[in-house]
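Any read-out appearing in this document is the output of simple, stated calculations on the displayed coordinates, not a laboratory observation. In this text the structure is predicted, and so the values were computed from the model without any measurement. Cβ: placed from backbone, ideal geometry, glycine included. Neighbour counts: every protein chain shown.
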Amino acid sequence: MAQYNNNKVKTHKIGIYLWIWGLLFVFSFFSYMVDYLNFEGSLRWTLIVLFMLSKAALIVAVFMHLFWERYAIVNILLWPMTLMLLFVWIMVAESEYTLLTRIFYFILGS
Amino acid sequence: MSRAIDKLPKGWSGLTSDFSSDQKAFKGMSWGKAMMWIFILSDTFIFSCFLISYLTGRASTTVPWPDSSIVFGLDVFGTSVPLLLIAIMTFILISSSGTMAIAVKYGYEKNRKLCAIFLLLTALCGAAFVGMQAFEWTKLIFHEGVSPWGNPFGAVQFGSFFFMITGFHGTHVTVGVIFLLIMARKTWRGDFNTGRRGYFTTMKSDYVAIEIMGLYWHFVDLVWVFIFAFFYLW
């Protein structure tokens, strides 16, 4: 968005922020409804993640102006954050193994 | 014979001048803003580690996990509404992000007063959020007996993850509110128009400081989006 130390900076109209604000409200309301209406199973998890990622994307892209930034900063931020998914995947596998051994030994009793 | 390298300072001053010389990766971005982004990236790792350890703890326990919509339910006129307080907190924090974005916009338009007013509104929402969180903690600790080492609802890990994650997030919000108030005062006084030097840094600042403040605040909101999804809704 704004260039540092430029005397004449271009800013966005206030409408875009109000729109995003409204959209965030709508997504939050929907994700609350997922709980309120007791959706279960994979439908629940898909909807939660979908609304969560939509909200996160709107905040980062518009409120934090990352959409208008140069690719140098965009890439230095988004790739490490994406790599966290790998960490999540590793730890899910790890915790499944832990659960399996716990159930196994708790039943065997030693 | 004189080489260019011989003209550079040596020793420790050479080290500092080498690392601070004109190598700039983020063109057109103030160093403060670039550093705030790097800080946010590192803070992302911290919160990710907390949330992933919560995931690991929850997925590997053999004891049933407490049902969050009952634990965090609120009685309204005798009927229990699930997650009501958390939903209100979410809407308040999102609203504070909205007012912050508008404050940044007015900052770049050098609209001193409107910028300060929206910063104050943001701080107000943030303070309300922390207040509601304090209420929530009080209710859980003193009325329902949730502690980091146990709770009446199920898996004992629930308490430690809950207090660690929401406590760390609440600390971020509190620090943000303090800095929002400082920034609002500086903006209202016109520090960014007159180039008045900062009390702590002794440096002149610019309205880019409002955008940096905004980045931090939006990040706090961003973290809440993930906590709301994974801790409260999952």
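Do we find a residue being of a type in the set (Asp, Glu) and either in contact with a strand residue (DSSP E or B) (Cβ under 6 Å, 6 or more places away or on another chain) or without any contact (Cβ under 8 Å) to a residue 24 or more places away in the chain (or both) anywhere in the stretch B:102-111? For the stretch B:102-111, residues of a type in the set (Asp, Glu) and either in contact with a strand residue (DSSP E or B) (Cβ under 6 Å, 6 or more places away or on another chain) or without any contact (Cβ under 8 Å) to a residue 24 or more places away in the chain (or both): present. When every residue of the stretch B:195-205 is checked against the conditions, none turns out to be surrounded by fewer than 22 Cβ atoms within 10 Å (Cβ to Cβ), touching a residue at least 40 places away in the same chain (Cβ under 8 Å) and not aromatic (Phe, Trp, Tyr). The requirement of being in a helix (DSSP H, G or I), at the interface with chain B (Cβ under 8 Å from one of its Cβ atoms) and over 17 Å from residue B:211 (Cα atoms) is not satisfied by residue A:90. The number of residues in the stretch A:88-110 being hydrophobic (A, V, I, L, M, F, W, C) and out of contact with any helix residue (DSSP H, G or I) (no Cβ under 8 Å at 6 or more places or on another chain) comes to 9. Restricting the stretch A:46-73 to residues that are within 13 Å of the chain's Cα centre (by Cα) and within 8 Å of another protein chain (Cβ to nearest Cβ), the residue that is surrounded by the fewest Cβ atoms within 10 Å (Cβ to Cβ) is A:49. Taken across the stretch A:47-61, residues that are over 26 Å from residue B:43 (Cβ atoms) and either in a helix (DSSP H, G or I) or among the hydroxyl-bearing types (Ser, Thr, Tyr) (or both) do occur, with at least one present.
With respect to residue B:163, determine if the residue is in contact (Cβ under 8 Å) with a residue 40 or more places away in the chain and either aromatic (Phe, Trp, Tyr) or crowded, with 19+ Cβ neighbours inside 10 Å (or both). Criteria not met by residue B:163.
Need a quick list: helices (runs of 4 or more DSSP H) entirely within the stretch B:1-119 having at least 1 residues that are at the interface with chain A (Cβ under 10 Å from one of its Cβ atoms) and crowded, with 19+ Cβ neighbours inside 10 Å. In the stretch B:1-119, B:31-60, B:68-71, B:84-108 are the helices (runs of 4 or more DSSP H) which contain 1 or more residues that are at the interface with chain A (Cβ under 10 Å from one of its Cβ atoms) and crowded, with 19+ Cβ neighbours inside 10 Å.
When you look at residue B:173, is it of a type outside the set (Phe, Trp, Tyr), under 30 Å from residue B:109 (Cβ atoms), touching a helix residue (DSSP H, G or I) at 6+ places or on another chain (Cβ under 8 Å) and within 14 Å of chain A (Cβ to nearest Cβ), yes or no? Here the answer is no, as residue B:173 does not meet what is asked. Looking across the stretch A:74-98, the residues that are aliphatic (A, V, I, L, M), surrounded by 13 or more Cβ atoms within 10 Å (Cβ to Cβ) and closer than 25 Å to residue B:58 by Cα come down to A:81, A:84, A:88, A:91, A:92.
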